[in-house]
Amino acid sequence: MLTTIYACLFYGATAIFLAGMALRITRFARTPAPLKIPTMPAPTTSSGVAFRMLREVTVFHSLFRANKWIWVFAWVFHVALAVVLLRHLRYFLDPTPLPIVLVQPFGVLASFAMVAGLAGLWARRVVVERIRYITGPSDHLMLALLVAIGLSGMMMKFVAHTDIVALKQFFLGLMRFDPAPLPADPILLVHLGLVATLMIVFPFSKLVHAAGVFFSPSRNQVDDARERRHLAPWAAKLEADRAR
Amino acid sequence: MDAIAPNADLERPDPLEIPPLCPGAMEASKPWIASPDHQKALGFPGELVENWKEVAIAKMGELLEKNRALRVYLDSCVKCGACTDKCHYFLGTGDPKNMPVARQDLLRKVYRRHFTLAGKWFPSLVGAEDLTEAVIDDWYSYFHQCSQCRRCSVFCPYGIDTAEISMAGREILDAIGKGQKYCNEIIGKVHTIGNNLGLNKNALRSTLEGLEEDIEDDTGVPVKLPLDQKGADILLVTPSADFFAEPHVDGLIGYAKVFHAAGASWTISSYASEAANFGMFIGSYEQMRLIALRIREAALDLGVKRIVFGECGHAWRVAYSFLNTLAGPFDFLDPNYPVPQHICEYTWDLIEKGKLNFDKSKNDHIRLTYHDSCNVARATRMGDQPGGQFEIPRNILKSVCNYYFDMPADTIRDQTFCCGGGGGLLTDELMDLRKKGASPRMKALQTVADDHGVTHMAAICAICKTQFAKVMPTYGFERDGILSVHQLVSNAIILEIPETRDDDDD
């Protein structure tokens, strides 16, 4: 029964996550950018733009220039989350590839960094007047969700172990549409429930920034307006009235 | 736990000083509403339409389909707070709705309510709100407290540009019949007369002739300012403020002297006698396009080979970044030159080639700094290298002036502040906002005045020049402390005085 509920939950959450993000990304991609608006100085070549984007998504360059405190918390959180996710690949890959084996101890350390980063970001929402002003209930809830995911995961490592062999069988089975029994540990069930919630909420929340950043015209456009004429399809239709 | 303040002594003004929050401080700041005539002239409803709510939501939906930036920016903000202390109007007023993210949220909350699932189902959770009269009032007030300077977009991890949001907001306001008088009246004048000031061809001709006389009296050199001269090589498009305002006109005299020294054949057009394009301020692609097409028409009619723009900030944005889109292609012009060119690119090129001679001591009474105009800095380029928009004007100034000093690094180049009057806010009823918005720049100027005895600041934007001339006295500077870049060129340039007619006769 429990296995069936969680299997359905994860199938549903995955479907909503994938379909929701696909819809978002298609919308971003299909909406034309009528004008050239890169924030200058901007690269004059596509490879330059690729480098600019890479710098934004790997070291958060603009954020670094903006505010060192937000940068340090945000960057630590995101990098730690990435390492933690890599660590979790062992539940989905059999046999576990060597790089994922090697990343395991770092994944444990990263869990602390991840929660610390989140705590820092959350503290700013309470302590700094300006950020408190722009913070809404959903911003707190999102942080609460991520912190709860982190803490429940850490509890299974440091407080009450779960049967990770059985868990791996559950997920491997899930991917073959033949789920094995899920261990009935309360902490595990909470952890998985929260993760599924995050996946469901993701495409409908500010978390779409993960895709949005790649579509931001001020960051992804090449500075070549004088050399190359840029014209949106709807704007091209206006030109019918032009005499010459 | 906020950004680290420099360990300066307390007397020293800090341009980046963060004020305490004063909610509602600038709620009452609103520009005059456009009259029905000004609205209708641009195809907007004359006054607030009865079903304004439906019209506004429909317009927002249309813009979301037409502008990727709007959709991405409304969806992607995570409220990280990076932008909160970046807007000069926030730094100057402390009103939290002048924090870029809060300004965006005025539009975002309605977007969420009407266009997203989360906002439809859990409005209070995600800060979604219905469109009410109070929200419209906030839009009118706070979208007219954004000068579209893009400083926030430099620091946003997703490049969210509040200018795009305030442009969309103003476009929706125009669509429901609540336009702004200053911008819409001026756009109407461009459509009928050809420039923001409503200066007709005859008035323009006599103004230019007057300037020719002044220059000749002053220098003994017959420098010409040709109007509507068919077959000229270069069409100069300059903000109409250059024709009469101070210090703008001294810049125009500077361009004329440079053209004269280069032996260039050039002309001004009475049909396209305006570089400014207020269509950008109201966010209207269609209005911006109609204004830009006048330049294409003029270039074709006069048969010129090149287009050069005078000193104007947002005009250079529309010219550099948008002109090719709005009024291109310009394949009928000389392909050896970029279209369009900035007068600073033109002058610097001549300086590099050694074709201009200067007596720098003519500017020795001036200890100078340079204000990077926001739209030039963050929305355009000059020359062929990124950042040329910072280097080329400075290179020119250093070529014509012995005493040059930059303001603090975090207040110039792409981190420059708006003058406080950009984006369609250069109108008297917003004077309180303009003075407060200028304070970060004025504090930065004070630091170089204290450290290096700087007396003057140069700029390449008509709005900056008018704004600073007006607000500098409030901050203890002379109103003529603001100069045109080409005014300094004009002071120092050495022109060959022609031999007198008597000599010719001998």
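Tabulated data
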quantity	calculated
Restraint check, B:Lys257/B:Lys465; B:Lys53/B:Lys178; B:Lys355/B:Lys465, Cα-Cα greater than 18 Å	B:Lys257/B:Lys465; B:Lys355/B:Lys465
Mean residue ellipticity (222 nm) of chain A, computed from DSSP H runs ≥ 4 via -39,500 (n - 2.57), nearest 500	-23000 deg cm²/dmol
Inter-part distance where the stretch B:56-108 and the stretch B:152-175 are each reduced to a Cα centre, Å	6
Computed over the stretch B:124-248: relative contact order in percent, which uses C-alpha pairs under 8 Å that are six or more apart	13
Residue order, fewest to most beta carbons within 10 Å, for B:Met472, A:Met21	A:Met21, B:Met472
Computed FRET value (nearest 0.05) for B:Ser361 with B:Asn336, which takes r as the C-beta separation and R₀ as 45 Å	0.80
Chain B: angle of helix B:133-142 to the longest principal axis, Cα-based, in degrees nearest 10	30
Fraction of antiparallel bridges per DSSP, the protein assembly as shown only, in percent to nearest 5	10
Mean separation of Cα contacts under 8 Å (6+ apart) over length of the stretch B:1-156, as relative contact order %	26
Inter-chain Cβ neighbour average for residues B:377-383, partner chain, 10 Å	4
Compactness of chain B, expressed as Rg and Dmax over alpha-carbon positions, Å	23.3, 94
Fully extended contour minus Cα-Cα distance, from A:Val159 to A:Ala210, at 0.36 nm per residue	15.1 nm
Under 15 Å from A:Lys157, Cα to Cα: aspartates and glutamates that are on another chain or at least 8 residues apart	A:Asp185
Under-5 Å amide H pairs with B:Phe358, H placed in peptide plane, nonlocal only	B:Ile494
Degrees between helix B:162-175 axis and first principal axis of chain B (Cα, 0 to 90, nearest 10)	80
Distance between the stretch A:90-137 and the stretch B:416-463 - C-alpha centres, whole angstrom	43
The protein assembly as shown - Cys residues lacking any other Cys C-beta under 4.7 Å	A:Cys8, B:Cys22, B:Cys77, B:Cys80, B:Cys87, B:Cys146, B:Cys156, B:Cys183, B:Cys312, B:Cys344, B:Cys401
Proxy reagent accessibility, fewest Cβ within 10 Å first, across A:Leu109, A:Leu98, B:Leu302	A:Leu98, A:Leu109, B:Leu302
Cβ-derived FRET efficiency at R0 56 Å, B:Glu499 paired with B:Glu133, nearest 0.05	0.15
Aspartates and glutamates whose Cα lies under 14 Å from that of B:Lys97, excluding same-chain neighbours fewer than 8 positions away	A:Glu129, B:Glu27, B:Asp85, B:Asp105, B:Asp137, B:Asp138
Chain B - percent relative contact order, Cα under 8 Å, separation 6 or more	18
Value at 222 nm in deg cm²/dmol, rounded to 500, when DSSP H runs of n ≥ 4 in chain B each add -39,500 (n - 2.57)	-13500 deg cm²/dmol
Inter-probe distance in nm under a simple model that places probes 7 Å from Cα toward Cβ, at A:Ala144 and B:Trp121	1.8
Directionally averaged shadow of chain A, computed from the convex hull of its alpha-carbon atoms, nm²	17.9
For A:39-47, mean number of other protein chain Cβ atoms within 10 Å	6
Cα centroid of the stretch B:278-334 to Cα centroid of the stretch A:198-244, whole Å	21
Sequence of A:Ser46, B:Ser147, A:Ser138 once ranked by neighbouring C-beta atoms within 10 Å, starting from the fewest	A:Ser46, A:Ser138, B:Ser147
Helix axis angle, A:137-158 relative to chain A longest principal axis, alpha carbon, degrees	40
Coil-residue trypsin sites (Lys or Arg not before Pro) of the stretch A:123-215, DSSP, other Cβ within 10 Å capped at 13	A:Arg176
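None of the figures in this text is laboratory data; all of them are computed from the coordinates on show. Quick caveat, the model's predicted, so the values are computed rather than measured. So basically every Cβ, Gly included, is an ideal-geometry build from the backbone, and we count neighbours across all protein chains shown.
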